[in-house]
Amino acid sequence: MKKLFFAIVTMLVMSTSVMAQSNNEDALKFERMSNYLELTSQQIKPAKNAFAQLEASMNYFNSMDDSQKTFEASKKMINRHKATMKKILSEKQYKKYEQAFDSTVQHRIEQYM
């Protein structure tokens with residue numbers, strides 16, 4: 001289970017790094033996600049900040065030596081992001097977000113297997 005979770009996080013980090021090639025692409029992705037979740041004007045800035053923090057955490061995680069990349073570190077990073085999003089989103093929005101997040105991770109696993 002730990003190996004699978006570590007593989008998931010590693011693939012997510014790698015795919016996010018590759019996907020985040022330009023500010024325009026990032027802005028478009030955030031706009032799509034914002035529309036999908038039906039974010040209110042009060043939720044947009046905190047959500048953008050949460051995604052920026054996740055990206056910074058993933059970049060830091062990706063720059064670590066392989067010996068430092070642990071299951072606990074990856075789990076902590078993901079759980080911290082999800083906890084932040086749970087505070088920002090309504091219950092209904094969070095369920096949609098979590099489903100999309102988990103689906104994205106599953107899709108990345110299938111691509112790399």
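Selection within segment 46-77: residues that are of a type in the set (Ser, Thr, Tyr) and in a helix (DSSP H, G or I). The member of this set that is modelled with the lowest pLDDT is 74.
Scanning segment 29-72 for residues that are among the basic types (Lys, Arg) and surrounded by 13 or more Cβ atoms within 10 Å (Cβ to Cβ) gives 29, 48, 69. Residues in segment 78-102 that are of a type in the set (S, T, N, Q) and more than 16 Å from residue 32 (Cβ to Cβ): 3 in all.
The values are calculated or read from the model by the stated rules, or taken from the named source; none is laboratory data. All values reported here derive from a predicted model rather than from experimental measurement. We place every Cβ from the backbone using ideal geometry, glycine too, and count neighbours over all the protein chains shown.
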